[in-house]
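*Asks:* Structure below; questions to follow.
Read-outs throughout are calculated quantities, based only on the coordinates presented, and are distinct from any laboratory measurement. Quick caveat, the model's predicted, so the values are computed rather than measured. Here the Cβ is made from the backbone with ideal geometry for all residues, glycine too, and neighbour counts use every protein chain on show.
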Amino acid sequence: MQTTPATRIYTIHQHLINKGRPDSHTMRDVWAEVFDIPKGAPHLDDWVIEAALAFRAEVDLTSKHLDALQVPPTLTSSVFPRLRNAANPVVFGTQWGNHKAALQAPECALVLSWSAWVLKQFGEDEIAQEQFAAIVAHLAELEQLLQATEMPPALHAFVQRQVDDIRAALRMYPIQGIKALKKAVDTATGAFAAPDEAVAEEYKRAGPEVKGVFKKTFDALKQAAEVAGNAEKLTSAVEAIYGSASTAAPHIKAIGQSVLSALGN
């Protein structure tokens, strides 16, 4: 199945207008609810802002797609700015009641549903529910291992960063689609293909338990890359760095053996 920025915007808009809530709710709380960010999230404000800005970017992308098809701007100009304005962090302290009428107006749903139909050609692959659940489960298991294993600081930070980035991409999936995961995979691929010297040195001195956590981290990246369609890119990147023992820098040879081994599993 496929989705588009326009279909995601329409779905988000439906969630925004169809859930009864008091007019006194702040727009920050409204967007946290719409983007399914738990109230107790440790970085709630940052996550809401990140999601809102991504949503605004999707609105802009949809406008560009319509422009490319030479759709007259007047057909959407009364609706898209309302969405962008409501998702502007500047208004997060204002009340839902100040925005409700403009966003619930019938023309909003009409324009968004029409845009989704028109822009079907810009379809993107969706992540199957079972694949999504498998990555989430892998990350949860990896985080448990990370907490239970005594790891040197650079390696711990390296693993935590990969977990955080992939988890953030999954959190952004309903807004940005699979491109959020592709970006996270590209970033993590670069980190594995060219690790900091401190990471490589700590890996070389680490015991089997720590190296097992590292390998599981790469397994999570490989799983995400396969879902995102970047598996070949991941393989090419790490093989280019680690494929030749004669050219690999001494401090990354040990880590390279682990990564290449994980690629073959």
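*Asks:* Dividing the convex hull volume of the Cα atoms of the chain by its residue count, what figure in Å³ per residue is obtained?
*Replies:* For the chain, the hull spanned by Cα atoms encloses 144 Å³ per residue.
*Asks:* Another one. Quick one: length gained pulling Ile17 to Asn85 fully straight, 0.36 nm per residue minus the C-alpha distance? Before the final figure, lay out each step's value.
*Replies:* Values: separation 68, 0.36 × 68 = 24.48 nm, distance 1.52 nm.
Result for the pair: 23.0 nm of gain on full extension.
*Asks:* Here are some pairs, Lys183/Lys222; Lys64/Lys100; Lys64/Lys233; Lys179/Lys211; which of them have Cα atoms lying more than 19 Å apart in this structure? Intermediate values should be presented prior to the final figure.
*Replies:* On the way: Lys183/Lys222 14 Å; Lys64/Lys100 26 Å; Lys64/Lys233 28 Å; Lys179/Lys211 30 Å.
As for pairs spanning more than 19 Å Cα to Cα, those are Lys64/Lys100; Lys64/Lys233; Lys179/Lys211.
*Asks:* What full-extension length gain, to one decimal in nm, is calculated for Leu110 and Ser78 as 0.36 nm per residue of separation minus the Cα-Cα distance?
*Replies:* 10.4 nm
*Asks:* One-quarter of the Cα convex hull surface for the range 2-125, in nm²? Provide the component values of the computation, followed by the final result.
*Replies:* Numbers: hull surface 30.4 nm².
That works out to 7.6 nm².
*Asks:* Using Cα atoms only, what is the angle between the long axis of helix 208-228 and the major principal axis of the chain, expressed in degrees (0 to 90) to the nearest 10?
*Replies:* For helix 208-228, the angle is close to 40 degrees.
*Asks:* Rounding to the nearest 10 and keeping the result within 0 to 90°, find how far the Cα-based axis of helix 129-148 lies from the longest principal axis of the chain.
*Replies:* Between the helix axis and the principal axis of the chain, the angle is about 50 degrees.
*Asks:* Once you charge only the Cβ atoms, +1 for Lys and Arg and -1 for Asp and Glu, what is the size of the charge dipole of the chain about its Cα centre, to the nearest 20 debye?
*Replies:* Using only the charged Cβ atoms, the result is roughly 380 debye.
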